[in-house]
Every structure is written in C-alpha cells, then in structure tokens.
1. Can you compute the modelled spin-label distance between N49 and W308, with each label point 7 Å from Cα toward Cβ, in nm?
2. Let me have the 222 nm mean residue ellipticity of the chain computed from DSSP H runs of 4+ only, each contributing -39500 (n - 2.57), with the sum over all residues rounded to the nearest 500.
3. List the lysines whose Cα sits under 21 Å from the Cα of K197, skipping any in the same chain fewer than 8 residues away.
4. How big is the charge dipole of the stretch 103-182 about its Cα centre, in debye rounded to the nearest 20, if each Lys and Arg gets +1 on its Cβ and each Asp and Glu gets -1 on its Cβ?
5. Find the eigenvalues of the gyration tensor of the Cα atoms of the chain, then list the square roots of 5 times those eigenvalues as equivalent ellipsoid semi-axes, largest first, in whole angstrom.
6. Convert 37 °C to kelvin, take the viscosity as 0.692 mPa s, use the Kirkwood radius over C-alpha pairs of the stretch 208-276 as Rh, and evaluate the Stokes-Einstein diffusion coefficient in µm²/s, rounded to a whole number.
7. Taking the DSSP beta bridges in the stretch 86-376 as the whole, what percent of them are antiparallel, to the nearest 5?
8. Could you estimate the translational diffusion coefficient of the stretch 148-298 from the Stokes-Einstein equation, with Rh from the Kirkwood formula over C-alpha pairs, at 4 °C and 1.567 mPa s, in whole µm²/s?
Amino acid sequence: MKKISLFYLLVLFFANFIYAQAPVPAPNQSKPIVLSNAIIHVGNGQVINNGAIRFENGIIKQIGTQVEKNGADEVNLNGQHIYPGLILPATSLGLTEVGALRPTHDFEEAGDFNPNVRAISAYNVDSELTPTLRSNGILLAQIMPRGGWISGTSSVVELDGWSKEDAQHTVDNGLHINWIPMFFRGGFFSPSGNVNKNEKREEQLKIMSDFFTESLSYFEKGGTNPKNIKLEAMKGIFDGSKTLYIHTAFGREIIEAVQFAQKYQVKKIVIVGGEDCLPAADFMRENNIAILLSRVHRLPYRPEQDVWEPYQMAAKLKNKGVLAGLTYDENDNEPMGARNLVFLAGTSAAHGLDKESALATVTSNTAKILGIDTKVGTLEVGKEATLVVSEGDILDMRTSKVVHAFVRGKKLDLNDKQKELYEKYKKKYSGK
C-alpha cells in the first residue's frame with residue numbers, strides 16, 4: 001500500500017512540471033516585413049543608425065538607411081535596437097529540465113565512449129526553459145550530450161518548432177570529448193586551492209589513444225561490414241565534416257589535447273571551457289584554435305590572479321588574436337541560468353571589449369565557431385532573418401527588454417512561465 005501511495009505522489013509531483021506548456025510555435029512568414037527607424041547592430045562591428053531591414057520568406061532582402069517598403073508590413077521601432085539572434089553554444093537545453101530531478105535528465109549515456117549518441121534524438125521542444133531564453137534574445141542553441149570521455153554529437157537548433165525535426169538547424173555538427181584532467185579540484189567543502197594529481201592518467205590516456213588509433217584506422221579502411229556504429233560516428237572528425245569540441249580548462253591540458261587531436265589528423269578543433277586558457281593563447285592563435293569560453297562570472301582559479309581576470313578573459317583573448325565565443329557554465333542547472341548569456345557579454349564589454357566586439361561573442365564569433373556563419377550570426381542580405389528587437393542595450397540587464405523576436409522571419413510569442421507568474425501575482429497583490 002505504501003508503495004502504491006508513493007507512486008501516486010511521484011506522478012502528481014512530476015505532473016506539476018508537465019502541466020505548463022511552451023508558447024505555440026510561430027507560423028511561417030506570410031508577407032514581407034520591414035522594421036524601420038531602428039539602431040541596427042549588424043554583429044560584425046558595424047552599427048546603422050536610423051536604419052531599416054526588410055525580410056521576405058525568412059530571408060533578409062535589404063538592410064540600410066533606405067529600404068523598399070512596398071507590399072510589406074512596416075513596424076516603426078522608434079529608435080529601438082535590432083540585433084542578430086543570440087546563439088547559446090555547448091548547452092544541455094532541452095535535454096534536462098530540473099537539475100535536482102534525475103528523471104528529467106536525458107543528456108548522458110552509460111560508458112566512457114559514446115560518439116554515436118546524438119543530442120538531437122532526445123531534444124525536447126516543449127521545455128519550459130526555452131521560452132525564458134527567447135525572452136532574453138537567445139534564438140539558437142547548440143545542444144550537446146555530456147558525460148564520459150567521448151560524450152557524443154551536438155546539433156544546432158532553433159528555439160521554436162512543433163518537433164525536433166522542425167527545430168533542427170544544423171544536425172550533428174560536432175563531436176564532444178572531455179579531456180582527461182591532470183588534476184582533480186577539491187569540492188565545495190575542500191580547502192581553497194586543494195587539488196589532487198590524477199594518478200591513473202597515463203593509463204587513461206593510453207585507453208583514449210587506443211580508441212582514436214582504432215577509429216582512424218577504421219576511417220582509412222572505409223569502414224567494415226557489418227558497420228561499427230561507434231567508429232562510424234568518429235569518421236566526421238577525420239574527414240572534416242564534424243568539429244571536435246574538446247572540453248578542458250587549463251593551458252597545459254589545452255596544448256596537450258590539441259596536439260593529441262592533430263596527431264590523429266583531426267581537421268577542425270575547438271576548445272570548450274578554457275577557464276584558465278591564457279597560458280595557451282599564443283599556441284591557440286598559431287594553430288587556429290577557437291574557444292567557447294565558459295564561466296566568465298566567477299572568481300580566479302589562482303591566488304596570484306587579479307580578481308577581475310575572469311571578466312577580462314574575452315578581451316585578452318581578442319588581443320591575442322584568438323577567436324572566442326561565450327557559453328554558460330556546464331552543470332545540471334546550466335540551462336536555467338543560460339538565459340543570462342548576453343549579460344556575460346555585457347560583463348566582457350565592461351572589462352576590455354568594446355560593445356560591438358562583446359556582441360560578437362554571442363553572435364558572429366559563435367556562428368563562425370559552429371560553422372553556421374553563412375546563415376546566421378550577422379544581419380546581412382541573403383542570411384536568415386533570425387533577429388531580436390530590444391528597447392534598450394541588450395547587453396545591459398538594466399535596459400535590455402526584448403520586445404520582438406523572429407526566427408527565419410517567423411514572429412515568436414515571447415511569453416514564458418516567469419512572465420505569467422509575474423502577471424498573476426501582480427494582480428493578487430495590487431488588489432485588482
């Protein structure tokens with residue numbers, strides 16, 4: 001009897017999370033739209049004052065101070081700001097819902113080597129978290145699996161659609177690996193700076209090396225019959241159709257991991273995380289290695305570092321000639337906080353980057369790193385009309401207020417659970 005009661009309690013508990021629904025997906029653009037009298041931030045450093053943008057069938061047709069308005073629905077923005085749709089890379093959005101509830105997690109498989117795991121196959125378009133990101137201008141996300149040494153493949157999705165097939169933008173664009181750390185950091189209750197050497201590291205590196213050797217050999221032989229699904233999934237990093245995303249934090253590990261990948265003829269390499277990457281910045285520039293920088297809002301790792309150094313990282317990497325985009329902290333609660341991605345760029349703007357370069361870290365730079373810059377990332381003729389309109393500076397949480405958002409010309413409903421709760425309790429406590 002107790003078991004039955006516990007079962008029904010769990011059903012009721014999870015029903016609370018299932019009840020709320022994401023806004024209805026937007027219909028396709030039916031007629032031309034012109035957004036006029038706006039400050040247009042192109043995403044490549046250019047700003048067009050008193051500008052206008054025209055898009056038809058989801059594609060930008062004109063942009064500048066003079067555009068054709070015939071046959072279009074015109075929206076006079078009265079000096080508001082237009083930005084490219086923001087891009088959130090390296091996230092488990094849609095693969096996890098509540099950090100404390102394991103049944104809502106679908107981002108990790110058992111085992112150390114899972115290159116065949118595809119994040120897109122588990123993506124949930126009805127996540128309650130997605131609308132909260134759209135409200136802050138994030139319209140695209142690179143969803144990825146986590147866990148193990150080789151986690152699986154990521155895909156870029158649009159944050160709109162009835163199904164994962166509707167939402168998919170660029171499928172299986174990269175393979176994610178977690179580089180074997182040299183040290184293990186102490187936990188929350190450990191003394192500051194407590195680190196332990198990874199005593200089994202040489203053995204672990206040998207296992208990783210053997211797997212890459214087998215994968216490269218499989219690729220060079222053209223596969224086997226029957227096919228090995230794990231080794232088939234590795235082929236893309238050798239032929240250049242997939243990017244290898246290496247998750248690691250420290251300079252020495254970055255250099256080691258990149259040299260390891262180069263040894264196995266990996267064509268495209270990106271670092272994810274890189275919280276302490278500055279010692280490897282020259283090496284990264286020389287080897288054309290880009291980075292998706294994580295955890296800008298944190299304390300320094302080293303006691304001798306300036307307390308502001310994490311905030312200055314994006315600027316220092318730019319000065320070193322390293323292409324950098326921003327991502328959010330990787331943990332179970334990451335998708336919930338990721339709506340604040342644009343404010344990480346704002347912090348970078350306050351500590352060394354100019355405003356347009358900071359905007360690029362969440363738009364054009366990230367698009368280049370993900371290999372989708374021919375379609376999105378900047379507002380240019382021929383690219384997708386994926387853009388946001390903010391009443392004020394989108395990088396500043398005091399003035400950022402996204403009032404319009406379009407994904408390939410489709411006008412999104414910007415309602416979300418937090419706004420609904422605000423309106424609900426506003427009525428309660430105002431007495432109306």
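We did not get these values from a lab; they are worked out from the coordinates using the rules stated. What you are looking at is a predicted structure, and each value in this text was computed from that prediction instead of being measured. Here the Cβ is made from the backbone with ideal geometry for all residues, glycine too, and neighbour counts use every protein chain on show.
1. Inter-label distance under the simple model: 2.8 nm.
2. Working: 13 runs with 130 residues, N = 432.
Per the formula, -9000 deg cm²/dmol.
3. K206
4. Numbers: 4 positive and 11 negative charges, 43 e Å.
With only Lys, Arg, Asp and Glu charged at Cβ, the dipole is about 200 debye.
5. On the way: eigenvalues 252, 149, 111 Å².
Gyration-tensor ellipsoid for the chain: 36, 27, 24 Å.
6. Numbers: Rh = 12.7 Å.
Approximately 259 µm²/s, per Stokes-Einstein.
7. Details: 14 of 39 bridges.
For the stretch 86-376, the DSSP antiparallel bridge percentage is about 35.
8. Values: Rh = 17.1 Å.
The estimated diffusion coefficient comes to 76 µm²/s.
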